[in-house]
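To keep things clear, I will list the structure first and then write my remarks on it.
The values are calculated or read from the model by the stated rules, or taken from the named source; none is laboratory data. What you are looking at is a predicted structure, and each value in this text was computed from that prediction instead of being measured. Cβ placement follows ideal geometry from the backbone for every residue including glycine, while neighbour counts extend to all protein chains displayed. Accessible surface is based on the protein model in full, side chains and every heavy atom, while ligands, DNA and RNA are left aside. Shrake-Rupley method; radii C 1.70, N 1.55, O 1.52, S 1.80 Å.
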Amino acid sequence: ILGEHLRICPQGYTCCTSEMEENFANKSRSEFEAMMKEAGRSVQTTLTAQHRSFDSYFQDLLNKSEKALYDAFPSMYGELYTQNMKVFKDLYSELRRYYRGSNINLEEALNEFWTRLLERLFKLMNPQYHITDEYLDCMVKHAEQHKPFGEVPRDLKVKATRAFIAARSYAQGFLVGSDVVKKVSQVSLSHECTRAIMKLMYCPHCRGMSSVKPCNNYCLNVVKGCLANQADLNTEWKYLMDSLVIVADRIDGPYNVDTVIGTIHMRIAEAISNLQENKDSITAKVFQGCGNPKISTKGSSSEDKKRRGKVTLEAKSSAQALEMLVLDAKGNLTALKTYWITLPSSLCSKKVMASSAVDDKCWNGMTKGSYLPEVMGDGLANQINNPEVEVDITKPDMTIRQQIMQLKIMTNRLGNANIGNDVDFQDASDDMSGSGSGDSCPDDICGKRLSKSPSTRQPETHAIPKQSGHGINGASSRSLPSAFLLLLLVAFIAAQHLWR
């Protein structure tokens, strides 16, 4: 029949009614969106599998270290352990909460552990004295000077902090990458894109050419026009993949999580041994600095004497497993680097089943023949002259722009983790509007470890660094009135003095 009624396909002779054309348009739209989601799911599966593997490995390391401590310490230390079990449990609990994303200052958590342990052990090792809380406060103030646990606390703090920062940023990076792909793959097609996809995939049917494949370059122009915003993810996506590879090398290198996390219990045992061996000299120094405490009426215990001795614990290394994990992750991350710019050619060759590039008997949008227009570049800015899809390059998709921002923030976080700097988490639902706030995070902000009590910090869910500058400026402006009043008061007192 004559095709004057057609609104998308060429208006020559056709075997499609208006209703058929509309049905084909809806079908092509749903099929193309399904292709996008399927391609995205493949990437999501890869990233979540990498996260699951590393997360399982890391949690297992921590669990084994804690179990080794619980198994060995009762027989080694007796009361020194049983009366302080909660201190050890709290430490591992805080370490897990930090790794899972809670807003915990890791250095403070470790300092708190050593302080609490020292207070309790000092009392247990000196049962003949009545030691008050005020006395313990004085003792703790001198602890840095006396180094009761030797160099272990300082050494563990440096190594564990770097390892945990790298591990949690690394694990979070996979989740953020997967989440970005999921959200971007759900972005619906524009009206112009729906028409172009229909013309590409089903207009040959309306011309009685159902077996003719679309020309490859024609398919590329349609898909590049439809996925122009998605292609703009490419730069930040590559940065994220590269950053994950770099941190992976840190995890299996200088910040080796197998060596550090798997031996926490051994370092604690070493620290307690240092305290026991130097008990007399440390006690004497504390008494010299804080005075002699009162003699207790409860008497002394022989428990400490029975438990003296050098501690030897073993750590079962899983370095080979970590090496394999990192190698596998690096291979997958490298393969995913070009995902967004290779997506059009992947969809055309595997899903749309376009013909070869040199085929001159393919569907070119109008008839069977060759396709002459050149292939457009990648990204929104390159679609200004796209012959197949009308793209408004002045209106970028806001959902995709937000995901580009998420990639930037996560990459920034990994960059900090690479040099051992921590960044606070902040909920992803926070307002992200404004002129580029969050594009970058200066070292003086990202590297800052804020002093907050671990007990009051709530877990957050997304890796967005806090832009603490606003709070600082706000506090500064609020302090101006009080400073001004103080100045007036000083001037008034000076004037009174001169008048007298």
For this session: Could you sort out which of K183/K368; K147/K294; K64/K147 sit more than 26 Å apart by Cα distance in this structure?
Result: K183/K368; K64/K147
Exercise. At a Förster radius of 30 Å, what calculated FRET efficiency corresponds to the Cβ-Cβ distance of T399 and N26, to the nearest 0.05?
Worked result: 0.85
Problem set entry | Y70 versus E277: modelled label distance in nm, points set 7 Å from Cα along the beta carbon direction | 3.0 nm
Seminar exercise, completed: Set K37/K224; K182/K361; K141/K279; K157/K337; K199/K350; K238/K361, cut-off 27 Å on Cα-Cα distance; pairs above it are K182/K361; K157/K337; K238/K361
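Take the alpha carbon gyration tensor of the range 59-150, find the square roots of its eigenvalues, order them as a ≥ b ≥ c, and report rounded if a/c is under 1.5; if not, report prolate when a/b exceeds b/c, else oblate. Write out the running numbers ahead of the final one.
Details: a/c = 2.48, a/b = 1.37, b/c = 1.80.
Oblate shape, in that a/c is at least 1.5 and b/c is the bigger or equal ratio.
Can you figure out the FRET efficiency of A381 with Y13, using R₀ = 56 Å and their beta-carbon distance, to the nearest 0.05?
Values: r = 40 Å, r/R0 = 0.71.
Here the calculated transfer efficiency is 0.90.
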Exercise. By how many nm would the segment from R120 to E144 lengthen if fully extended, with 0.36 nm per residue of separation less the alpha-carbon distance?
Worked result: 7.0 nm
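Filter the trypsin sites (Lys or Arg not before Pro) in the range 331-421 to those in DSSP coil with at most 15 other Cβ atoms within 10 Å of their Cβ, and list the result. Write down the numbers at each step before the final one.
On the way: sites: K337, K350, K351, K361, K368, R401, K408, R413; in loops: K337, K351, K361.
Loop-located and lightly packed - K361.
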Problem set entry | Rg followed by Dmax, in Å, when the range 173-231 is reduced to its Cα trace | 14.9, 49
Seminar exercise, completed: Simple spin-label estimate for E38/L2, 7 Å along Cα→Cβ, in nm, reads 4.0 nm
Exercise. Per-residue accessible area for Y202 at 1.4 Å probe radius, Å² rounded to 10?
Worked result: 20 Å²
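M209 to K368: extension gain in nm, 0.36 nm per residue of separation minus the Cα-Cα distance? Spell out each step's value before the answer.
Values: separation 159, 0.36 × 159 = 57.24 nm, distance 0.82 nm.
Taking 0.36 nm per residue and subtracting the Cα distance, the gain is 56.4 nm.
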Exercise. Considering the zone a paramagnetic label at N63 would reach in this model (a point 7 Å from Cα along the Cα-to-Cβ line), which residues of the range 87-101 have amide N under 16 Å from it?
Worked result: 92-93, 96-97, 100
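Using the Cα centre as the reference, give the magnitude of the dipole from point charges on the C-beta atoms of the range 1-96 (Lys, Arg: +1; Asp, Glu: -1; all else neutral), rounded to the nearest 20 debye.
Values: 11 positive and 14 negative charges, 56 e Å.
So the dipole magnitude of the range 1-96 works out to roughly 260 debye.
Give me D for the range 187-281 in µm² s⁻¹, whole number, from Stokes-Einstein with Rh from the Kirkwood sum over alpha-carbon pairs, 4 °C and 1.567 mPa s. Before the final figure, lay out each step's value.
Values: Rh = 19.4 Å.
For these conditions, the coefficient is 67 µm²/s.
For the range 126-223, which GluC sites (Glu not before Pro) pass both filters: DSSP loop (anything but H, G, I, E, B) and at most 13 other C-beta atoms within 10 Å? Let's see the in-between values first.
Values: sites: E134, E144, E151, E192; in loops: E151.
When the GluC sites (Glu not before Pro) of the range 126-223 are filtered for loop state and at most 13 Cβ neighbours within 10 Å, E151 remain.
Can you put T45, T161, T338 in order of accessible area, largest first, using a 1.4 Å probe?
On the way: T45 90, T161 5, T338 60 Å².
Output order, biggest surface exposure first: T45, T338, T161.
Go through 280-289, 25-34, 235-244 and give me the packing order, highest mean Cβ count within 10 Å leading. Intermediate values should be presented prior to the final figure.
Details: 280-289: 14.8, 25-34: 16.8, 235-244: 20.9.
Top to bottom by mean Cβ count within 10 Å: 235-244, 25-34, 280-289.
Using a Förster radius of 56 Å, what is the FRET efficiency between A49 and E134 based on their Cβ-Cβ separation? Nearest 0.05, please.
Values: r = 55 Å, r/R0 = 0.98.
My answer for the efficiency is 0.55.
If each residue of separation counts as 0.36 nm, what is the full-extension length gain between A284 and V158 once their alpha-carbon separation is subtracted? Walk me through the numbers before you get to the answer.
On the way: separation 126, 0.36 × 126 = 45.36 nm, distance 2.92 nm.
Gain on stretching A284 to V158: 42.4 nm.
What percent does the relative contact order of the range 125-248 come to when contacts are Cα pairs within less than 8 Å and at least six residues apart?
Values: 25 pairs, mean separation 36.6, N = 124.
RCO, the range 125-248: 30 percent.
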